[in-house]
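S.K.: Sharing a structure below in structure tokens format, with a few things to ask.
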Amino acid sequence: GWCRAYTDCCPLDHHAGDAWGELTALRRRHVDTASGTLHIELSVVELVDGSLVTGPPKSEAGKRIVSLPAFLLPEITTHLEKFTAPGHDSLIFVGPKNGPLRRVQLQSRMATRHPVSRSSRAERRSCL
């Protein structure tokens with residue numbers, strides 16, 4: 001279930017150029033599959049104490065409409081049908097208990113499934 005959020009979120013992040021907080025704040029009402037657009041209106045920030053705060057992006061320029069490539073629309077539509085609760089205010093990407101998706105949940109899950117050796121970490125750093 002919830003791991004699908006990561007695989008669906010990554011291509012969207014790459015093509016829409018959105019920040020993690022903006023993607024995790026997306027709700028059904030922000031996606032217009034007919035026009036192929038995302039309406040970026042909110043962002044989620046995780047505070048030092050672990051609490052999540054949802055609010056507008058850092059600047060007015062952060063509120064925007066993003067056009068999506070046509071090849072992503074079938075994937076987004078499928079994700080909405082299979083993994084997003086009904087209702088215009090439902091989060092598109094959710095964590096393991098249907099709550100907000102947190103980056104640390106994905107990082108720890110990916111680390112246990114795909115451990116990274118020291119040499120591959122060094123190789124990745126040298127490519128930056």
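S.K.: Which residues does a label at residue 19 reach in the range 64-79, if reach means a backbone N under 13 Å from a point 7 Å past the Cα toward the Cβ?
M.R.: Residues 64 qualify, since their backbone N sits under 13 Å from the label point.
S.K.: Can you tell me the order of 26-38, 81-93, 43-55 when each peptide is scored by its average per-residue count of other Cβ atoms within 10 angstrom, highest first? Show your work: numbers first, answer last.
M.R.: On the way: 26-38: 16.1, 81-93: 14.0, 43-55: 12.2.
Taking the mean over residues of other Cβ atoms within 10 Å, the ranking is 26-38, 81-93, 43-55.
S.K.: Can you work out ³J(HN,Hα) from phi for every residue in the range 61-71, in order, using Karplus 6.51 cos²θ - 1.76 cosθ + 1.60 and θ = phi - 60°, giving whole Hz and x for Gly and Pro?
M.R.: With the stated coefficients, the range 61-71 comes to 5, x, 7, 7, 10, 10, 7, 9, x, 4, 5 Hz.
S.K.: Tell me which lysines have Cα within less than 27 Å of residue 97's Cα, excluding those fewer than 8 residues away on the same chain?
M.R.: 82
S.K.: Next up: Testing the spin-label approximation: label points 7 Å from Cα along Cα→Cβ at residue 75 and residue 59. State their distance in nm.
M.R.: The answer from the label model is 2.9 nm.
Where a number appears in this text, it was derived from the coordinates with a stated rule and is not lab data. Everything quoted here is computed from the prediction, not taken from an experiment. Here Cβ is always computed from backbone atoms with ideal geometry, including for glycine, and neighbour counts include all displayed protein chains.
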